[in-house]
1. List the GluC sites (Glu not before Pro) within the stretch A:103-207 that DSSP assigns to loop and that have no more than 12 neighbouring Cβ atoms inside 10 Å.
2. Per residue of B:125-136, what is the mean number of Cβ atoms on other protein chains within 10 angstrom of that residue's Cβ?
3. Ranked from highest to lowest mean number of other Cβ atoms within 10 Å per residue, what is the order of the peptides A:11-17, B:207-213?
4. Counting each DSSP H run of 4 or more residues in chain B as -39500 (n - 2.57), what helix-only mean residue ellipticity at 222 nm follows after dividing by all residues, to the nearest 500 deg cm²/dmol?
5. Could you list, bin by bin from short to long, the percent of Cα-Cα pairs of chain B in 20 Å steps?
6. Taking chain A as a Gaussian network, where each spring joins two C-alpha atoms under 10 Å apart, which residue of A:Ile146, A:Ile190, A:Ile101 fluctuates the most?
7. Applying the Karplus parametrisation 6.51 cos²θ - 1.76 cosθ + 1.60 with θ = phi - 60° to the phi angles of the stretch A:54-69, what ³J(HN,Hα) value in whole Hz is obtained for each residue in order, glycine and proline being reported as x?
8. If a/c stays under 1.5 just call it rounded; otherwise compare a/b with b/c (prolate if a/b is bigger, oblate if not). Do that for the stretch B:40-194, with a ≥ b ≥ c from the square roots of the Cα gyration tensor eigenvalues.
Amino acid sequence: MDKFTTLRAIAAPLMRDNVDTDIVIRIERLMGGDTRREELGRYCFESLRYLPDGAENPDFVLNQGPYRRAQILLAGDNFGCGSSREGAVWALMLMGIRCVIAPSFGDIFRNNCYQNGLLPVVMDRAEIEAIAADVGNSPEQNQVSIDLQAQEVVAPDGKRVPFRLPAMRREAMLAGLDEIGSTLGREAEIAAFQARDRKARPWIHQA
Amino acid sequence: MGKTFFDKIWDAHVVADLGDGFALLHIDRHLMHDGGAPALLAIKEQGLSVRNPELTFATADHVITSAPGRLDMSRHAQSTLRHLRAETKARGIRYFDLGSGGQGIIHVVGPEQGLSLPGALIVCGDSHTCTHGGMGAVAFGIGSTEVVHVLATQCLVQQRPKPMRVNFTGKARPGIVAKDMILHLIGRIGTAGGVGYAVEYAGEAVRALEIEGRLTLCNLSIELGAKMGFVAPDEKTYAFLKDRPFAPKGALWDQAVAHWRSLPSDADAVFAREVSIDIADISPQITWGTSPEHVVAIDERIPDPAAAGDPAKRRALAAALDYMGLEAGKPIQGTKVDWVFIGSCTNSRLSDLRMAAAVARGHKVASHVRAWIVPGSEIVKRDAEAEGLDVIFKEAGFEWREPGCSMCLAANGETVPRGQRSVSTSNRNFVGRQGPGARTHLASPAMAAAAAVTGAIADYRKL
Ligand code: SF4
């Protein structure tokens, strides 16, 4: 998994609510058999980024000037709702996004972020809107900084906005830890649980 | 203080407390579909073994064709199937293959095989795993790295959600079904209304639902923003499960039922959020926009974005109207449709097909409409054919197809063409969900059948 420590980057505002993972990446790109995983970045937000004829949609924020190089996404409520497709996280990362700041996230999407090193930051909508407004004046100059160790976002105007990640998620992100590896290290506990549970609920273990 | 149904099940599955509300949980049933084939590859590549292959069950549903006789299976689907067959066999995982009599949409297969048991913790690499909550299980969708985690360890790291209860009150009018109840709820509290919660559905109207209705209800929990939603088990649950292939038998059955009876929430249990929703006066529901919360009753008008308070919301509603090619203020009824899809893990079970057939019987699908019936599983298909539902549908001009996800997600070449309008019994009306530019209206099977035979969005009760 990719480590995340600090980041200073261009932030792009996509302040609509309920951006679902179907919008982030079409299922056809994941299950259709024609698209390789490394190519997913090109298809991130496909229906917003391209017109039906395949040309870029100039109205879409990530097609505009410096926002093309954005590594932070400023988003609305319930970002990443819908399907469990982890390809949504892969597509965002392959497009260059390292952090999404939103008032709330779809639960499965947020877990998928942690599995890959994409930082999901929960922040009050008003704070995000204030940052978006600042950024909008000059995306290149008004970059946003994130410090995961300190759990702080520094807005373009220097304002420090704290956020909080659960301790185990933060440590894993900082160190780029693999969750599967740490669970494999708990084999004794898993075996003990199953031994107890086999007595309590035998019907679960002998399907 | 008493415990909620959810608390009891969560607590019984904690292998290790990881602090901060996180726990390593034991997974009782891991369900896989064809989209999980890469996870099996990853296990192989990473040199991991499958810890408890006897607790994982697989079938194929997402990428396969639903064409009669499966005659036009894509090369990609064929190779996925070959791979899935080989890897499940090599790992000792039970696989319900096409033509075996047990294949189907994974969320239809679990309950019908008796794999989805009350009190069980069930996961699958699919967000609609919440469906199994209708069996009194705690079930939720996971990502593909988490699938590998479960295969390797039979456990999963999760953060405990807060318990929420939705009480459906009042007695619904005749003809109102689970799909109407849940769409109405989503319309009222929004698609973010359940974010961070584990939702228990309760109240008389929920108790009155048969198990298949409860599966439909729980299926749309994720559309409420909740990863999981469930109905505590009762006598109906046990009657439904008894004698299913993988349900416990004999003394084990009695022991299990005794345990299951202890699961419902205690009378003094406290929920972090409670919502009451009166369904006494609701009419059949149908979505108009590009989010499941964009829903109206069949006798209502398409909402006017101008009425929305904040400008961002107004813009979002206007964009939805534009995508859907609809005009604000017009009645939803009478909107012309091109496609009808009856299927998906929401509404493809026998009772759903009966409901649709009752509407279709003696009518003809409108000449400008293509209407598909995609049964949820090989068992549903067999049972429906045994009672002649296929004949009713075919005589009415519907296409009777093979089980799978089909046009619910359009990952298998089965899409609604750009700009065309579909009434679908599935669960997502997202932009492009049924194909790029496709316009989807979600509704119950009866409403979908009515749209097929009238050629427009219609109130099936008036047919
Ligand atoms: S039927 Fe649709 S919602 Fe259900 S599992 Fe298949 S693709 Fe997902």
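The values are calculated or read from the model by the stated rules, or taken from the named source; none is laboratory data. The structure presented is a predicted model; accordingly, all values stated were derived computationally and were not measured. When we count neighbours, we look across all protein chains shown, and the Cβ atoms used for this are built from the backbone with ideal geometry, even at glycine. The accessibility values were calculated without ligands, DNA or RNA, using every heavy atom of the protein model including side chains. Shrake-Rupley method; radii C 1.70, N 1.55, O 1.52, S 1.80 Å.
1. A:Glu140
2. Values: counts 4, 4, 10, 2, 2, 0, 0, 0, 0, 0, 0, 0.
Averaged over the peptide's residues, the number is 2.
3. Working: A:11-17: 21.7, B:207-213: 18.6.
With the highest mean Cβ count within 10 Å placed first, the list reads A:11-17, B:207-213.
4. For chain B, the value works out to -9000 deg cm²/dmol.
5. Going out from 0 Å in 20 Å bins, chain B shows 26, 59, 16, 0 percent.
6. A:Ile190
7. Those phi angles translate into x, 6, 5, 8, x, 7, 7, 3, 6, 9, 9, x, x, 4, 4, 9 Hz.
8. The shape class here is oblate.
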